[in-house]
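Notes to accompany the following structure.
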Protein chains: 2
Amino acid sequence: MLVAYAGTRYEGWQSQRKGNTVQEHIERALARLAGAKVNVLGSSRTDSGVHAEGLVAHFKADIDMAPARLRQALNHLLPPDIQVRAIRIAPEGFHARYGARSKVYRYQIWTGRERPLFEAPYWLWYHGQLDIPAMRQAARRLVGKHDFAAFKDSGDEKKITVRTVKALRIRKEAQKVIIRIEADGFLTHMVRIIVGTLIDVGRGRKAPADIDRILLSKDRRQAGPTSKALGLFLEKVRY
Amino acid sequence: MLVAYAGTRYEGWQSQRKGNTVQEHIERALARLAGAKVNVLGSSRTDSGVHAEGLVAHFKADIDMAPARLRQALNHLLPPDIQVRAIRIAPEGFHARYGARSKVYRYQIWTGRERPLFEAPYWLWYHGQLDIPAMRQAARRLVGKHDFAAFKDSGDEKKITVRTVKALRIRKEAQKVIIRIEADGFLTHMVRIIVGTLIDVGRGRKAPADIDRILLSKDRRQAGPTSKALGLFLEKVRY
């Protein structure tokens, strides 16, 4: 299943202590249709407040409905800020998390003089000048296979911290700055720390060349701050 | 002052029993800056859930700040879904409500197959075909000076129910249908009942020619349903 949601009201896709998560809502809706507990496994654990346009999840359930019909039935049961966009029969052995080849995240920054009013949950508001060419130079240094230990949350205990950033592009359109990043996998808060570091470069607090030093340090304190969750979208997952 | 807000969380601009209204928030912020109670009077009483891009309000206060500075100070105190977009010294005798020559409202309908997910608070979702040429014919019959008694909420006790609709236009762009209406004044729920009636025409439940009959009846039950507040924006007020 392909799932989209506005993350504002949720504790992410999945939380440690079960809470108000997107996964819970979908499992509850599926259980009502299957008449039994259904486990749903998602491609990504998005943080609280993060949005998704194309999270992929798989599940196994005995429901006597065509996929298109099941999709409608689920959307009828789900809250309006969670939406199942497609359902297909998965090939044998498909795994939403382990099968993912890469994931694309998008981060949205609004640089206008005024706070974004009607779209507030979807934009980081940064009122000031950002040096986009410098940010692009910094971004280029992050592309490729690197040890991203400096770009993971200190609470993340993963031992293997090498990831491959396949693309990292920055687009500017009037007051909007859009950062799109594709990688074979992400450490906890990796996108948000990369964005926080790129903003530091855009503000002149760091130089593009500092990126190499930060990567080599493997030290979280060398990178920039973790940017807010609200500007972040999981855009798509590739298999 | 020119005020914009996302109305989702509020009981409108002003409510009978004082509650969580936009006016209250602005009065509270002004009182903090003035050190005394300040009364704010708005051009329009928007319903609960209705949004505004350009509501005009006036107030009298003794605050030693230039208007631009005052605007910043207010926005700093206001919640993120209420924004003061401009402040100017009003000419002597200016009255935000009585001085208004006309008001422009916009109603947004989303006709896509899927519910609008990220912009849910700003669109009425109508999944189905709307006959736009028929709606435009009906709209033309509403333009001009008419007794709109059939288009006011039964709770509205106003005796004078003649209003002049200066313009009523329907624009279609892909899945979006935008209805824009300008009048010298509006009765309670008048925009929402007009929109509900136009949707009835678009669905073939009423014919464009029925509009004349409804106007003449002066009977609320002849018009269509009151459409939801969520798709409605107060766009601008002219003086």
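Helix A:22-34 and the long axis of chain A differ in direction by around 10°, with both axes built from C-alpha atoms.
Taking 19 Å as the cut-off, the amide N atoms of region A:164-185 that come nearer than this to a point 7 Å along the Cα-to-beta-carbon line of A:ARG203 belong to A:176-179. To the nearest µm²/s, what D does Stokes-Einstein give for the protein assembly as shown at 20 °C and 1.002 mPa s, using the Kirkwood radius over alpha carbon pairs as Rh? The estimated diffusion coefficient comes to 84 µm²/s. For the peptide B:107-119, the mean number of other protein chain Cβ atoms found within 10 angstrom of a residue's Cβ is 3. Cross-linked pairs B:LYS37/B:LYS228; B:LYS172/B:LYS228; A:LYS103/A:LYS158; A:LYS236/B:LYS176; B:LYS152/B:LYS172; A:LYS176/B:LYS176: Cα-Cα separations exceed 29 Å for B:LYS37/B:LYS228.
Computed with a 1.4 Å probe over protein heavy atoms only, the accessible surface of region B:21-116 comes to 50 Å² per residue. Once C-alpha pairs closer than 8 Å and six or more residues apart are averaged by separation and normalised to the residue number of region B:62-162, the relative contact order reads 14 percent. Ellipticity at 222 nm from helices only: DSSP H runs of n ≥ 4 in chain A, each -39500 (n - 2.57), divided by the residue count, give -7000 deg cm²/dmol. If I take R0 = 35 Å and measure r between the Cβ atoms of A:LYS176 and B:LYS159 in this structure, what FRET efficiency does the formula 1/(1 + (r/R0)^6) give, to the nearest 0.05? Here the calculated transfer efficiency is 0.10. The A-B contact accounts for approximately 1800 Å² of buried accessible area, totalled over both chains at a 1.4 Å probe radius. A convex hull fitted around the alpha carbon atoms of region B:102-238 yields 99 Å³ per residue. Spatial offset of region B:36-105 relative to region B:197-239 amounts to 29 Å, using the alpha carbon center of each.
Computed over the alpha-carbon pairs of region A:1-108, the distance histogram in 5 Å steps reads 2, 12, 23, 27, 20, 11, 3, 0, 0 percent, short to long. Sorted from closest to farthest, the other copies place their A:GLN175 label points 2.5 nm away, with each point set 7 Å from Cα along Cα→Cβ. Contact residues in region A:54-96 (at least 30 Å² less accessible area with all protein chains than alone, 1.4 Å probe): A:ARG71, A:PRO80, A:GLN83, A:ARG85.
Computed from the C-alpha gyration tensor, the three semi-axes of the ellipsoid equivalent to region B:99-168 are 28, 16, 13 Å, from longest to shortest. In chain A, the longest principal axis of the Cα atoms and the axis of helix A:67-77 are about 80 degrees apart.
Run through every distinct alpha carbon pair of region B:190-239 and return the Kirkwood hydrodynamic radius in angstroms, one decimal place. About 11.8 Å for region B:190-239.
Taking chain B as the reference, fit the longest principal axis to its C-alpha atoms, fit the long axis of helix B:132-142 to the helix C-alpha atoms, and give the angle between the two in degrees, 0 to 90, nearest 10. So the helix axis and the longest Cα principal axis differ by about 70 degrees. Using the alpha carbons alone, the radius of gyration of chain A stands to its Kirkwood radius in an Rg to Rh ratio of 1.00. Only protein heavy atoms count here; under a 1.4 Å probe, A:ASP219 has an accessible surface of about 40 Å².
The values are calculated or read from the model by the stated rules, or taken from the named source; none is laboratory data. Bear in mind that the values here come from a model prediction, so they are computed numbers and not experimental data. When we count neighbours, we look across all protein chains shown, and the Cβ atoms used for this are built from the backbone with ideal geometry, even at glycine. These accessible areas exclude ligands, DNA and RNA; they are computed on the full protein's heavy atoms, side chains included. Shrake-Rupley method; radii C 1.70, N 1.55, O 1.52, S 1.80 Å.
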